[in-house]
Amino acid sequence: MDEQKPIHPEVVEKNIHLLHQGFVNWASLAMGKPPALGDFRWTDDLILATWYMAEHGRVPANGLEYKVGRSGGGFDRLDLKFRPESEWIAPETAVNLTLPLNRRSDEAGELAQRITIGLPFYGGGMSYGSVSEQVMLSRARAAQAWQTFTCTGEGGYPPALLPYKDHIITQVATGMFGVREETIQQARIVEFKYAQGAKPGLGGHLLGDKSTTSVAQLRESVPWVSLFSPFPFHSVYSVEDHRKHVDWIKAINPDAVVSVKVSTPHDVDMVAVGSYYAGAHIVHLDGSYGGTGAAPEIAKKNIAMPI
């Protein structure tokens, strides 16, 4: 990428210092509560309290509600159904939580790289820009500690994650932001994001205030400009096109396990079958809601099916 001209200090001040100071002052309630902050779940109190705790490292003492917002209690309110005590597993019994991620053979009848994770879950895609590098590093360290994986999302592969490359899934999405052969060669798992459960049909969103100079450099874009990924890969309109995508990854990194992230339309079974015949090793079904903050409410709650 060509060297960019330095950003004018006033622009940096506008996008960093003033925004930061505004939230600090709001969280102290020195200026009262902003009139347009919060929604039906994330209340103004909860947003300000979260900022306060991140800034000061302690819970707010000014009366802000910092626990559940309007979630009604969230996981703390779940009713759990247990088996009779006579059927409980003894505490000293070892329980195997490992999960093999690839169980298929290639055309020659040979198994592709076998990857087994230590827990039956891995971290979904959160891109650089939607979250900070510190958050990505925290997730990578946790994945390494638990012998599982975390995904870069569609914002590229920050160099700071390289020490954890054995536990990183690199994502190729429709915007192709930060996609490089070098990072594909370093990845044990490469994920194509064809759709996102929280907003299928809309593509990725990164608003301008989050597209800082470092984020834009990694994504090879312009700082402080909003980025919108197209919904489809315009090179993929059939299973045969999809197979070319998978073959492209295998040509760059023959050992890579290829994952395909799709949403949950009514014919998701046929989507999964098509991905299998295209050569994918993992079919990642992404249900409704999801973890994104960029999706409109109408999309998150009314398009994809829950899992």
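Throughout, read-outs are computed from the coordinates displayed, never taken from laboratory work. Just so it is clear, the model here is predicted, and its values are computed rather than measured. Using ideal geometry, Cβ is built from the backbone for each residue, glycine included, and neighbour counts are taken over all protein chains shown.
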> What is the gain in length, in nm to one decimal, between GLU65 and LEU207 on full extension, counting 0.36 nm per residue of separation less the C-alpha to C-alpha distance?
Replying inline: 48.3 nm
>> Suppose R0 equals 30 Å. What FRET efficiency, 1/(1 + (r/R0)^6) with r the Cβ-Cβ distance, do PHE121 and ILE252 give to the nearest 0.05?
In response: 0.65
>> Checking the a/c ratio against 1.5 first, then a/b against b/c, what shape does the Cα gyration tensor give for region 90-300?
In response: rounded
>> Suppose R0 equals 41 Å. What FRET efficiency, 1/(1 + (r/R0)^6) with r the Cβ-Cβ distance, do GLU240 and ALA30 give to the nearest 0.05?
In response: 0.10
> Using modelled backbone amide H atoms (1.01 Å from N, in-plane), which distant-in-sequence or interchain residues come within less than 5 Å of ILE189's amide H?
Replying inline: THR170, VAL257
> For the residues VAL59, VAL258, what sequence is obtained by ranking on other C-beta atoms within 10 Å, fewest first?
Replying inline: VAL59, VAL258
> How many angstrom separate the Cα center of region 167-209 from the Cα center of region 22-65?
Replying inline: 32
> Amide H neighbours of ILE117 under 5 Å, counting only residues 5+ apart in sequence or on other chains, H built in-plane at 1.01 Å?
Replying inline: LEU99, LEU101
>> Please compute the length gained on full extension between SER214 and SER132, using 0.36 nm multiplied by the number of residues separating them and subtracting their Cα-Cα distance.
In response: 28.5 nm
> Can you sort SER259, SER28 so the residue with the fewest Cβ neighbours within 10 Å comes first?
Replying inline: SER28, SER259
>> Assuming a strict under-18 Å limit between Cα atoms, what lysine pair count do you get for region 90-300 once near-sequence pairs (fewer than 8 apart, same chain) are dropped?
In response: 10
>> Could you give each residue of region 137-154 its phi-based ³J(HN,Hα) in whole Hz, using Karplus coefficients 6.51, -1.76, 1.60 with θ = phi - 60°, and x for Gly or Pro?
In response: 5, 4, 5, 5, 5, 5, 4, 5, 5, 9, 6, 9, 10, 9, 10, 6, x, 8
>> Quick check on the exposure proxy: order SER235, SER132 from fewest to most C-beta atoms within 10 angstrom.
In response: SER235, SER132
> Over all distinct Cα pairs, what is the inverse of the mean 1/r for region 83-193, reported as the Kirkwood hydrodynamic radius in Å?
Replying inline: 15.6
>> How high is the relative contact order of region 58-212? Use alpha-carbon pairs under 8 Å, at least six apart in sequence, and give a whole percent.
In response: 14
